[in-house]
1. Kirkwood Rh, Cα Rg: Rg to Rh for the chain?
2. For labels at residue 321 and residue 247 in the simple 7 Å Cα→Cβ model, what's the distance in nm?
3. I want to verify a result. In a Gaussian network model of the chain, Cα cutoff 10 Å, which of these has the top mean-square fluctuation: 285, 69, 191?
4. How far is helix 299-309 tilted, in degrees, relative to the longest principal axis of the Cα atoms in the chain, given as a value from 0 to 90 rounded to the nearest 10?
5. Once you keep just the Cα pairs under 8 angstrom separated by 6 or more residues, what percentage relative contact order results for the range 256-349?
6. Give me the distance in nm between label points sitting 7 Å out from Cα along the Cα-to-Cβ direction at residue 69 and residue 103, one decimal.
7. Pop a pseudo-label 7 angstrom from the Cα along the beta-carbon direction at both residue 240 and residue 353 and give the gap in nm to one decimal.
8. Just want to confirm a number: the relative contact order over the chain, from Cα pairs under 8 angstrom separated by 6+ residues, in percent.
């Protein structure tokens, strides 16, 4: 229905026209129809995947370039920034079939090869990644995709997928959907959810030029933030699926008595260790690791560093202007209607440190015990936090 309503001028894609007599099931006609659908859905990102139902049906809604920039995330909250009266549904399986069909024919997406000019932000959760993504969206010719639901849904639904299966899902349907852009000159930056960290490996394998920023915080800071938000704790299934070798993690595999006996602070510390080890096992030349506290202390310098990593043009004057913009750095990253700033962040952290002091120390002590027992983990010693 969307493709019928938005048929490009001078296009022969009359999708409402009846098939030629006797050719409704012909290979030639079906190829033509798939080509029209692919052009409609993947020429640009005007139709955003806002949600995936329990029946694996994608809800799509129109979203303008301004809407992509304004919405905090691309989930159902994006509907407030799009054409509210328009809704379309496509089964994920059909979306996958169409992207596979396009990949096999080498069709371009957004005017470029699938994956070309697409970079990523992965993170531990509550590390300033949303704020960074909002700042990057202020740079010309940059399209930022904040937590695309299709990526999050696949990570959750296929949490137990093998490395090979994960790579296949990344190739189709994920990467073609993430590669759409408003103009071929645009660079796409995908800010993922913290729970999809396992996709960092296939993301870096997308193309030879794909790069990622990994935002993290010290274990002590991580516990201070997450103990107040247990609902955001890294999922056990995702922890188990991360491909990290080491006796520390095999000893505490999900479902084992050793794992089940762990308290929440210890599980958080274990998940922090495994994620940090996972990231350090990947090609470091293509990953910029960015500490949250360092970013918040000098956002202008680190914003330029990230821009350079992604191949974006950003001078000092422009970076300072972005950092000084109250719309970007003066409001809560996840809700621009809420005023936010460094003073509020400092007060919040101080209160949480006091409230969760014993639990924080429990998690830190457990991590230090593991470091003392497992030599491979000791590379993380400087990141535990004083």
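Nothing in this text is a laboratory measurement; each read-out follows from the coordinates by a stated rule. Here the structure is a predicted model, which means the values were calculated and not measured. Positions of Cβ are backbone-derived with ideal geometry, glycine not excepted, and every protein chain shown enters the neighbour counts.
1. Values: Rg = 22.3 Å, Rh = 22.3 Å.
Looking at the chain, the ratio lands at 1.00.
2. Those two pseudo-labels are separated by 5.8 nm.
3. Of 285, 69, 191, the most mobile in the Gaussian network model is 285.
4. 50
5. Working: 39 pairs, mean separation 12.2, N = 94.
Relative contact order comes out at 13 percent.
6. For residue 69 paired with residue 103, the spin-label model returns 3.3 nm.
7. Simple spin-label model gives 3.7 nm for this pair.
8. Working: 561 pairs, mean separation 62.8, N = 386.
So the answer I get is 16 percent.
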